[in-house]
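Asker: First, the structure itself, so that you have it in front of you.
We did not get these values from a lab; they are worked out from the coordinates using the rules stated. This one's a predicted model, so the numbers in the text were calculated from it and none came from an experiment. Please note: Cβ atoms are built from the backbone with ideal geometry, for glycine as well, and neighbour counts cover all protein chains shown.
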Amino acid sequence: MAVLTITKDNFQQEVLNSDIPVLVDFWASWCGPCKMFSPIVDEFAQENQGKVKVGKINIDEEPDLAAQFRVMSIPTAMLFENGQVKETLVGVQPKARLEAMTK
């Protein structure tokens, strides 16, 4: 499964109504650390197909979602389970940290 682009239009369906956990990466194109984190998130998505859904939210295109979840620094990764934020990580994280968060 490819990494999903999450917008306000599909957030409810893809994240809140998902029957599996969803890892959401809040990022921006101008953010250097986000560029470092993106391939880690992509690799995590490939290795966890069917177990965890992975999506990315561009905070410049979706400022309302960033504000709703009080994203103050990027990259921020949030794990949603049953429509609720289970865990939040801020900054570039190793893939092992993403895996630990989804166990």
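Asker: Among the residues of the stretch 44-58 satisfying the criterion of being touching a helix residue (DSSP H, G or I) at 6+ places or on another chain (Cβ under 9 Å) and of a type outside the set (S, T, N, Q), which is surrounded by the fewest Cβ atoms within 10 Å (Cβ to Cβ)?
Answerer: 47
Asker: Of the residues 99, 87, 61, only one is surrounded by 13 or more Cβ atoms within 10 Å (Cβ to Cβ) and in a loop (DSSP other than H, G, I, E, B); which?
Answerer: From the options 99, 87, 61, the qualifying one is 61.
Asker: While we're looking at this one, here's another question. Going by the conditions given, is residue 41 farther than 18 Å from residue 82 by Cα, touching a strand residue (DSSP E or B) at 6+ places or on another chain (Cβ under 6 Å), surrounded by 12 or more Cβ atoms within 10 Å (Cβ to Cβ) and of a type in the set (Val, Ile, Thr)?
Answerer: Yes, satisfied.
Asker: Residue 61 is checked against (1) within 19 Å of residue 3 (Cα to Cα); (2) without any contact (Cβ under 8 Å) to a residue 40 or more places away in the chain; (3) of a type outside the set (Val, Ile, Thr) and fails just one. What number does that condition carry?
Answerer: (2)
Asker: Could you give me the residue pairs with C-beta distances under 8 Å whose first residue belongs to the stretch 33-52 and is part of a loop (DSSP other than H, G, I, E, B), whose second residue is polar (S, T, N, Q) wherever it lies, and which are 6+ apart or on separate chains?
Answerer: Cβ pairs passing all conditions: 48/102; 51/102; 52/102.
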